[in-house]
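Everything below concerns the one structure shown next.
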Amino acid sequence: MLVNFFDKELIIKDVSLIDAHSVPEGDNLSIVYFSQDGDLHTLNNFSLTRTNAHLYEYNNESANVFLHGVIDRITLPDKNGPWWQRNLYIKRQSAQLNLQFSSVKFNIATPLKLSIRERFFIKLDQAFSSFSSWRFSKALLLGQDNLWGERDTWIVRTLGLAHLFVVSGLHTGFMFVIGRLISRLVWQTCPARVLLSGITRWHCDAIIIIPLLFGYAYLTEWGEPVVRASIMLSLYLCSRMLALKFSAYSIVTLALWLVLLIEPRSILSPGLWLSFSMVYLLIGFCQTATKLSRLFILQVMLTTASMVMILGWQEAISSGSILMNVLLIPFAALLWFPWGIVSCLEVLALGSTYSYALLDSLLIHLIGGLEWVAFTIPLLFFETFSSNIPRMVMIFLVGFWVYQSPLKRSLISVICIWFVLFSSMIIDINNPEFSLLNSENELFLKNGNNILLSDAWAGNEIEELMFGGYLASRFNKGYMLSPKNIRELSSQNLLKHNVKWIVLKRKAPDEVVKMLDALQVDWLVISSGESLGFYFQKKRISLRHSACIYSFFLFKSDTCKRVEKLESVLNYIHT
């Protein structure tokens, strides 16, 4: 294959390979490749041209444009397939080609034909690359989290701050407020003849704010939440400009109808319903008063409602999530976001970073505080709720809270919601059915406080070390605890008892590991002081290793990968 990064053009030299996968000729192909620095890159909307290798010749000038690549894999879109195929379907890509380049004549990490947005991103990255906080500021301002590591991603999700660092209606609201301030300044400086010509303040707002909103949507690559919020606010401004009396609910409902008309498939998007649900709650809560104390309670309500709605979407969330949202959203709205916008304009206009250097000195302490909260404050494990009933009750209580507010009886809803959310931490109802514990280099299988099995009891008798019978799984055979002396474990005994998994107290010697690998016996280490919990949820078994509460997401240690594999084996359903 020949790849032209200037014009986003692909020239296929082996036509039979493409024909075998039914890849259509034309536009909208995605390519995936590794650059020289080892980074993975994905580029969309390439056009495909078919030709035979011996018929295609290009001159010396074209040779510097085209790169030779080899197709490693072809992935077709499928709306019912895995997430990567669904993503291709959503982005309307005909296929995705995984390419390998043997030689690179220029840096293909960045296409040479750059858009205004891409040049803007590159200029900001070059200017702010020396500031460690820029990775968070870039996500806050532009929704670009490509500078994040897995540690950063886990911290943000655990603290329930993903909506703050992924462009959403909240950011569009920030831009709306900034636009209103600019409009007020313009309106106050307008000459008298303009004011007397029939133009109202709402005309000025619409002329300034609507282009600002959609300009921001362009910079954020037309993110769906930003587009939805921009449509809502634009309809609101147009109705006020035309002196049409519509309720806020009618405007939001019309915006929802327009979004579904433009993109009908978004009806299946959880983000769509979460976004509009938050807006409906916001309208209902703000109809009575907009005092400062009321706005504070509003923020608590929205954060609590979002925790209820994302219940089950992620395994755990910090118990300090509500407090972090209450503190960080005003900070972002009043200081971080506007200051960051001014710093970006300073880079574009003057090429200097003085204002951001001052902001960075403040953000370093803020980010350090977020990390401390994420790793110190206890987590709430949402998988405690194996039924949808608690969620439905809490959603009803959220609606009751909004409907009864500001009456004092609404506080009953708040107390009930918080009690259910924090119940796993308050009354500790999230105990495992069974747990494997390593206490002073001795393995125990426990059911609550009752010890069911210990490696000290069995010695080296293999049949006494098997614990698969306690697991409510179709594949409950072949699981054993490590014997007291791991070196006495023989291949004959492993084959005789058909051992598939063995739990070790420490990393086994190399010769034992080689024997286990040769016999295709998987192993898992539970070191001294660590534990592995087995949670039975309907027909599914969930595992939680004490060393993987954080490192499973951050560092992907070998132990945590093995826990994930064991969980997959226990829940495997043969089809």
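The values are calculated or read from the model by the stated rules, or taken from the named source; none is laboratory data. Predicted model, so just to flag it, every value in this text is computed and none were measured. Here the Cβ is made from the backbone with ideal geometry for all residues, glycine too, and neighbour counts use every protein chain on show. Areas reflect the complete protein model, heavy atoms only, side chains present, ligands, DNA and RNA absent. Shrake-Rupley method; radii C 1.70, N 1.55, O 1.52, S 1.80 Å.
Any idea what % of Cα-Cα pairs in the stretch 159-237 are farther than 15 Å?
Working: 1749 of 3081 pairs.
The calculated P(r) of the stretch 159-237 puts 57 percent of pairs beyond 15 Å.
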Distance (nanometres) between label positions extended 7 Å along Cα→Cβ at SER266 and ALA349
3.3 nm
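How much area per residue is accessible in the stretch 148-286 when the probe is 1.4 Å and only protein heavy atoms are counted (Å²)? Can you show the working numbers first?
Numbers: 6950 Å² over 139 residues.
Value for the stretch 148-286: 50 Å² per residue.
Go through 161-171, 242-252 and give me the packing order, highest mean Cβ count within 10 Å leading. Don't skip to the answer; put the middle values down first.
On the way: 161-171: 22.5, 242-252: 13.3.
The packing order, highest mean first, is 161-171, 242-252.
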May I ask for log10 I(q)/I(0) of the stretch 510-550 at q = 0.24 Å⁻¹, from a Debye sum over the Cα atoms as equal point scatterers with solvent left out?
-0.85
In nanometres, the difference between 0.36 nm per residue of separation and the alpha-carbon distance of LEU452 and TRP257 is 64.3 nm
Ignoring ligands and nucleic acids, PHE101 exposes an accessible area, probe 1.4 Å, in Å² to the nearest 10, of 40 Å²
Residues of the stretch 327-341 with the amide nitrogen closer than 20 Å to a label point 7 Å from the Cα of ILE122, along Cα-to-Cβ, please.
none
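What FRET efficiency would be calculated for the residue pair GLU463, TRP418, taking the C-beta separation as r and a Förster radius of 45 Å, to the nearest 0.05?
Values: r = 50 Å, r/R0 = 1.10.
For GLU463 and TRP418, the calculated efficiency is 0.35.
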Per the rule of 0.36 nm per residue minus the C-alpha distance, extending GLU150 to ARG92 adds in nm 18.1 nm
Of the heavy-atom accessible surface of the stretch 483-527 (probe 1.4 angstrom), what whole percent is carbon and sulfur?
47 percent
Which distance in nm do the two modelled labels at HIS68 and LEU366 give, with both placed 7 Å along the Cα-to-Cβ direction?
5.1 nm
Taking R0 as 35 Å, what FRET efficiency do you get between LYS561 and ALA333 from their Cβ-Cβ distance, rounded to the nearest 0.05?
0.30
Scattering curve values for the stretch 105-233, log₁₀ I(q)/I(0), Debye with Cα scatterers, q = 0.09, 0.13, 0.17 Å⁻¹:
-0.37, -0.68, -0.98
Taking a point 7 angstrom from the Cα of ARG506 along the C-beta vector, which residues in the stretch 517-549 have backbone N less than 15 Å away?
525-530
Here, the stretch 124-166 modelled as identical Cα point scatterers in vacuum has Debye log10 I(q)/I(0) at q = 0.15 Å⁻¹ of -0.33
What distance in nm separates the two pseudo spin-label positions at VAL32 and VAL342, each 7 Å out from Cα along the beta-carbon direction?
4.3 nm
